[in-house]
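Here's the structure we're looking at; comments come further down.
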Amino acid sequence: LILAGTVCVGAAQPFFQCTPPMLSATWFASDERATSTAVALNFNQIGIATAFLVGGGMATTASGLATYFGLITAACLVVTIGTLVQFQDKPDIPPSSSEIEKLIEGEEEPPFIESVKRFFATPGFTRPLAAFICSISITNIVGAFIDEVMERGGIT
């Protein structure tokens, strides 16, 4: 069950890794996109590190674990409500001349399912995707069992 959950987390990672470039292209000018994408991608890792530090400190007992999950739930609820209230599909004014040109020409992004089908039909796409999913799965498995392994080695 843990392995299946870990594989699901690994399968979801491409969506988290691909969203920052899309948001950068929508909301930032061309000379700002690299920075905004880098910040978004790196804050994913900072979030993971924070979860390990805060979770490790709080989840030392059953009640601490319940408090930790309550804190995560409350934080997610606040962020979700904030996102639902403030979310815009795109900025009122296009952030760059290339976005203005797309708007004038009426260029639209294809539907999500069509894009996914195109990616899977692209030669050479599925092997790197499978490798990426496996690497994330392995990272999560190691993270899940590292405490047990270190304890066996005398490190607590």
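If you go through the stretch 51-73 and keep only what is touching a helix residue (DSSP H, G or I) at 6+ places or on another chain (Cβ under 8 Å) and part of a loop (DSSP other than H, G, I, E, B), you end up with just Ala59.
Taking into account only those residues within the stretch 1-41 that are among the aliphatic types (A, V, I, L, M), over 23 Å from Thr139 (Cα atoms) and in a helix (DSSP H, G or I), which is most open to solvent (accessible area, probe 1.4 Å)? Per the stated criteria, the residue is Met22. The single residue among Phe125, Phe145 that is open to solvent by less than 90 Å² (accessible area, probe 1.4 Å) and touching a helix residue (DSSP H, G or I) at 6+ places or on another chain (Cβ under 8 Å) turns out to be Phe125. Being more than 17 Å from the chain's Cα centre (by Cα) and aromatic (Phe, Trp, Tyr) is a property that holds for Phe69. Tell me yes or no: at least one residue of the stretch 91-100 is free of Cβ contacts under 8 Å to residues at least 40 places away in the same chain, assigned to a helix (DSSP H, G or I) and over 22 Å from Ala29 (Cα atoms). Within the stretch 91-100 (the criterion being free of Cβ contacts under 8 Å to residues at least 40 places away in the same chain, assigned to a helix (DSSP H, G or I) and over 22 Å from Ala29 (Cα atoms)), the answer is no, since none of the residues qualifies.
In this entry, Glu108 is excluded by the filter for residues that are out of contact with any strand residue (DSSP E or B) (no Cβ under 8 Å at 6 or more places or on another chain), under 26 Å from Phe28 (Cβ atoms), surrounded by 11 or more Cβ atoms within 10 Å (Cβ to Cβ) and acidic (Asp, Glu). Do we find that Phe119 is of a type in the set (A, V, I, L, M, F, W, C), under 21 Å from Ala25 (Cα atoms) and surrounded by 12 or more Cβ atoms within 10 Å (Cβ to Cβ) in this structure? The answer is yes for Phe119.
The values are calculated or read from the model by the stated rules, or taken from the named source; none is laboratory data. Quick caveat: nothing in here was measured; it's all calculated off a predicted structure. Note that each Cβ is placed from the backbone with ideal geometry, even for glycine, and that neighbours are counted across all protein chains shown. All accessible areas refer to the heavy atoms of the entire protein, side chains included, with ligands and DNA or RNA removed. Shrake-Rupley method; radii C 1.70, N 1.55, O 1.52, S 1.80 Å.
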